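The values are calculated or read from the model by the stated rules, or taken from the named source; none is laboratory data. Everything numeric in this text was worked out from a predicted model, so none of it was measured. Here the Cβ positions follow ideal geometry from the backbone for every residue, glycine too, while neighbour counts run over all protein chains shown. Protein only, heavy atoms only, side chains kept; ligands, DNA and RNA dropped before computing areas. Shrake-Rupley method; radii C 1.70, N 1.55, O 1.52, S 1.80 Å.
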Amino acid sequence: MSEPYRGSCHCGAVHYRVSGALRPVSYCHCSQCRKQSGHFYAATQCQTSDLAVEGEQHLTWYSASDTARRAFCKTCGSALFWRANDSERTSILAGSLDGPTGLAGGNHIFVADKGDYYSIDDGLPQYPQYD
Ligand SMILES: [Zn+2]
Ligand SMILES: [Zn+2]
């Protein structure tokens with residue numbers, strides 16, 4: 001699959017499309033991502049200006065910290081987006097994309113915070129915090 005990429009939450013109240021390029025998928029093992037998603041985050045990323053959201057009123061933008069917000073569907077709870085407050089880019093949860101994405105894994109970040117109930121053995125670069 002290539003541009004435009006499309007995705008949605010589980011219940012379909014929120015749909016989005018991305019008209020530009022997507023970054024390789026970063027796997028974030030920080031405790032915030034694990035709490036919110038139930039495991040670790042798998043996120044690609046786009047320019048926010050390339051992202052068009054339909055059903056924005058069904059999103060909750062949760063201020064997860066002083067520096068970033070996380071968006072999820074009010075109805076079904078699907079985690080969709082992460083955005084640093086001072087950034088022009090938006091992270092997109094890779095699992096919310098529809099169809100084959102053609103994306104590949106890029107790296108693992110915040111592995112210093114990873115859970116003890118799984119191992120990372122895909123050979124991708126691992127960083128204790130940011131890459
Ligand atoms: Zn939903
Ligand atoms: Zn994280």
Scan the stretch 15-36 and give yes if some residue there is within 13 Å of ligand 2 (Cβ to nearest atom), touching a Cys at 6+ places or on another chain (Cβ under 8 Å) and not hydroxyl-bearing (Ser, Thr, Tyr), otherwise no.
no
Quick check on this structure: which one of ALA71, ALA64 is without any contact (Cβ under 8 Å) to a residue 24 or more places away in the chain and open to solvent by less than 60 Å² (accessible area, probe 1.4 Å)?
ALA71
Does the stretch 38-53 include one or more residues that are away from ligand 1 (no atom under 16 Å from the Cβ), over 13 Å from LEU22 (Cα atoms) and more than 15 Å from the chain's Cα centre (by Cα)?
yes
Can you list the strands (runs of 3 or more DSSP E) lying wholly within the stretch 34-131 that have 3 or more residues being farther than 20 Å from PRO4 by Cβ and out of contact with any Lys or Arg (no Cβ under 6 Å at 6 or more places or on another chain)?
68-73, 105-109
Cβ pairs under 7 Å, 6+ apart or interchain, first in the stretch 29-42 and touching a residue at least 24 places away in the same chain (Cβ under 8 Å) and among the aromatic types (Phe, Trp, Tyr), second in a helix (DSSP H, G or I) and within 8 Å of ligand 2 (Cβ to nearest atom), ordered by first then second residue, are PHE40/CYS33; PHE40/ARG34; TYR41/CYS33
Restrict the check to the stretch 1-13 and report whether at least one residue is under 18 Å from ASP131 (Cβ atoms) and surrounded by 15 or more Cβ atoms within 10 Å (Cβ to Cβ).
no
Give all pairs with beta carbons closer than 7 Å in which a residue from the stretch 6-25 that is among the aromatic types (Phe, Trp, Tyr) meets a residue that is away from ligand 1 (no atom under 16 Å from the Cβ) and open to solvent by less than 70 Å² (accessible area, probe 1.4 Å); count only pairs at least 6 apart in sequence or on separate chains.
TYR16/LEU51; TYR16/ALA52
Residue list for the stretch 14-30, restricted to those being over 15 Å from the mean Cα position of the chain (by Cα) and open to solvent by 20 Å² or more (accessible area, probe 1.4 Å):
SER19
Test for ALA71: is it within 16 Å of ligand 2 (Cβ to nearest atom) and over 27 Å from ASP122 (Cα atoms)
yes
